[in-house]
Amino acid sequence: MTTPSDILRWKTEPNVLEFYCPGCKTLHQIDLSVLPNYKRQPNAGWNNSFVSPSFTQNFQVFKDALVCAYSMRNGALTFGSESVHELAGQTTEMVPIPTV
Ligand SMILES: [Zn+2]
């Protein structure tokens, strides 16, 4: 396992990651334990990279209603057009997690 980077880090080891979403301008969490195959093969859906992270599945974030749909591939975020923020439908490099 590589060490956390400035774009992806553990929120709580060993299964919850977090990163900064430049669309929502807030942190998002990825709970590895709810990904398919976690029990059989932990981190199966993740390439185990903190520097150029990829996940095999897409994600959705809800706040009452859907606010953000994204995929993470090779350190870039692609937002679904159904996202409600200004980056909907766009792909952007992941950015460092703000320190405040
Ligand atoms: Zn978001």
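Read-outs: derived from the displayed coordinates by stated rules, not from any lab. Model, not experiment: these values are computed from the prediction. Backbone-built Cβ (ideal geometry, glycine too); neighbour counts: all protein chains shown.
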Query raised in the report: Say the dipole of the chain comes from +1 at the beta carbon of Lys and Arg and -1 at that of Asp and Glu; which of Asn48, Tyr70, Thr91 then lies farthest toward its positive end?
Result: Asn48
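Calculate the translational D of the chain in whole µm² s⁻¹ from Stokes-Einstein, where the hydrodynamic radius comes from the Kirkwood formula applied to all Cα pairs, the temperature is 4 °C and the viscosity 1.567 mPa s. Intermediate values should be presented prior to the final figure.
Details: Rh = 13.7 Å.
Approximately 94 µm²/s, per Stokes-Einstein.
If I take every Cα pair under 8 Å that is 6 or more residues apart in the chain, average their sequence separation and divide by the length, what percent do I get for the relative contact order? Write out the running numbers ahead of the final one.
Values: 196 pairs, mean separation 23.8, N = 100.
Computed value for the chain: 24 percent relative contact order.
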Report summary line: The size of the Cβ-based charge dipole (Lys, Arg +1; Asp, Glu -1) of the chain about the Cα centre, to the nearest 20 debye, is 260
